[in-house]
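Colleague: Below you'll find the structure I mean.
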Amino acid sequence: MSKRGYISRYLLIIKRLKVKPYSSYEEIQSYMDSQFEYLQMMDDTLNIGFSKRTLQRDMREIRNVFGISIEYSKSQKGYFISPSEAEQMNFQRIMEAFEVFNSLNLAQNLTPYIHLEPRRPQGTENLYGLLHAIKNRLFIKFEYQKFWEEDVSHRTAAPYALKEFRNRWYVLAKDEKDGSIKSFALDRLTKLEITHQHFPYPKNYSVEQSYRHCFGIISSNDEKPTDIILSFKPLQGKYIKTLPLHHTQQVFIDSEDELKIRLKLYLTHDLLMELLSFGNNMKVIEPASLAEQIKQAHKQAFKQY
């Protein structure tokens, strides 16, 4: 079986256990049999049969590939996903990405039904190498060119994590030049070299905590997050409720006249650009400094016409 076929099978097992925890082997086997046609679309060389030995092997690979632990409960007489593992959002994104990938591969003859935005990959050819360097704590060397600078710079950095924002990928790394943790866009990174030199991962650094109150890729620079109150017109509010701006979003007024939300974020350029995109469908209530920034930006835009 191909790697895509194996991963498809792993995802089906996980899906089954997320929908019906404590499923017995017989229930999982019956479910896999019912999904055989789907698995064949992923890999037409797939063999029929799903034994207990296959399930045990798949459980080990699911832990290795996705970091998700599947256990057996004697009291419930069934398999289940460890609760702490099931809450990982990263896994959900992996599942979504893989399913989209599979759909696109199956859509070669479905052009009339699927319309994709034409865009080129943004530096994704270096993703695997960077993941290897991050996992093994290896320094990387590369050339980097900022959009606002003509000269290319040569960097040596300790990579900590990868982050995606608006169809662009970034590597979060400690720049050896000044010791600062920065985000480097992969589409502006070239001549990547993974060295054999190891670096110690800082005990007091957490990517999740560093970006907990960030919108986008711009870091906080040790500033404190700000309480932000926004008011949206009712129609725009429906979109904001179904696709929140940030995980700190809280709705405290939802009426026929407006949707009012509260956020706790750093005031960054990424956030400013996002808020400006709502035009007259949004009004900043607090803080006054952000409201003034939005006001001045709209004034400057108006002067261009």
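The values are calculated or read from the model by the stated rules, or taken from the named source; none is laboratory data. Bear in mind the structure is a predicted one, so any value in this text is a computation, not a measurement. Quick reminder, even Gly has a Cβ in these numbers, built from the backbone with ideal geometry, and neighbours come from all protein chains shown. All accessible areas refer to the heavy atoms of the entire protein, side chains included, with ligands and DNA or RNA removed. Shrake-Rupley method; radii C 1.70, N 1.55, O 1.52, S 1.80 Å.
Colleague: Which lysines, if any, have their Cα less than 19 Å from the Cα of K74, not counting same-chain residues under 8 positions apart?
Modeller: Of all the lysines, those that pass the test against K74 - Cα under 19 Å, at least 8 places apart if same chain - are K18, K20, K52.
Colleague: At 1.4 Å probe size, what's the solvent-accessible area of S289? Round to the nearest 10 Å².
Modeller: Surface open to solvent at S289 totals about 70 Å².
Colleague: Mind listing which trypsin sites (Lys or Arg not before Pro) in segment 142-246 are in a DSSP loop and have 13 or fewer other Cβ atoms within 10 Å? Intermediate values should be presented prior to the final figure.
Modeller: Numbers: sites: K146, R155, K163, R166, R168, K174, K177, K182, R188, K191, K203, R212, K238, K241; in loops: K146, R166, K177, K203, R212.
Those that pass, being in a loop and sparsely packed, are K146, R166, K177, K203.
Colleague: Return the subset of K15/K241; K146/K260; K191/K264 for which the Cα-Cα distance in this structure is over 28 Å, preserving the input order.
Modeller: Numbers: K15/K241 26 Å; K146/K260 37 Å; K191/K264 38 Å.
Where the Cα-Cα span goes over 28 Å, the pairs concerned are K146/K260; K191/K264.
Colleague: Mind checking the full-extension length gain between H269 and D227? Use 0.36 nm per residue of separation minus the Cα-Cα distance, one decimal, nm. Write out the running numbers ahead of the final one.
Modeller: Values: separation 42, 0.36 × 42 = 15.12 nm, distance 1.63 nm.
The H269-D227 span can extend by a further 13.5 nm.
Colleague: Out of S210, F199, F252, whose Cα points farthest toward the positive end of the dipole of segment 155-263 (charges: +1 Lys, Arg; -1 Asp, Glu; placed on Cβ)?
Modeller: It is F199, whose Cα lies furthest towards the positive end.
Colleague: Something else now. Roll a 1.4 angstrom probe over the protein heavy atoms and tell me the percent of accessible area of segment 212-265 that is carbon or sulfur. Show your work: numbers first, answer last.
Modeller: Working: 1600 of 3290 Å².
In segment 212-265, the share of accessible area belonging to carbon and sulfur is 49 percent.
Colleague: Nearest 0.05, what FRET efficiency do S34 and Q296 give at R0 = 35 Å with Cβ-Cβ as r?
Modeller: On the way: r = 59 Å, r/R0 = 1.69.
After rounding to 0.05, the efficiency reads 0.05.
Colleague: With a 1.4 Å probe and all protein chains in place, put V19, V171 in order of accessible area, largest first. Let's see the in-between values first.
Modeller: Numbers: V19 125, V171 0 Å².
Correct descending sequence by accessible area is V19, V171.
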